[in-house]
Each structure stands twice: as C-alpha cells, then as structure tokens.
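For reference, the structure is listed below as structure tokens.
The values are calculated or read from the model by the stated rules, or taken from the named source; none is laboratory data. Predicted model only: the values in this text are computed from it and were never measured. Here the Cβ is made from the backbone with ideal geometry for all residues, glycine too, and neighbour counts use every protein chain on show.
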Amino acid sequence: MDRVPKNYCLECEWAARDDRVADRTAAVIEHAVATGHDIDSVQLSLSQEPPRTLLLN
Ligand SMILES: [Zn+2]
C-alpha cells in the first residue's frame, strides 16, 4: 500500500525519498543542479494530486 511518490534519477541510482513533497522537490533540484542529471518528472506531476483517501477522511 506504499503509494508515496518517489522521484528517481534517470542517469544514476539516486532517488528522493523524503516524506514531504517540498523536500523531495528540493532534493531533486539539488541533485539535478549538482550532477546535471535528468530526474523522472512524471513522479513530480503525480505528486501534485492529493490522494483520494485523504479526501474521504
Ligand atoms: Zn543522478
């Protein structure tokens, strides 16, 4: 049931696993700037939609 989006680097094994979306975004930007690598941006767009389970609560 682990549906927490994770951001993966496309060019190495790096991945952002922070709980907060803002922390993952910051980590992604930091890695991209530091290495010039491309991060999987699909995970970023998915993380912008709130999970339906939260709305039901
Ligand atoms: Zn990388």
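Inspection of the stretch 1-21 identifies no residue that is at pLDDT below 90, surrounded by fewer than 16 Cβ atoms within 10 Å (Cβ to Cβ) and small (G, A, S).
Taken over the stretch 22-31, the criterion of being more than 9 Å from the chain's Cα centre (by Cα) and crowded, with 16+ Cβ neighbours inside 10 Å is satisfied by H31 alone. Pairs, please: C-beta under 8 Å, at least 6 apart or cross-chain, first residue over 16 Å from D40 (Cβ atoms) and in the stretch 14-30, second among the hydrophobic types (A, V, I, L, M, F, W, C) and buried (at least 17 other Cβ atoms within 10 Å of the Cβ)? Partner pairs satisfying both residue conditions: D23/A16.
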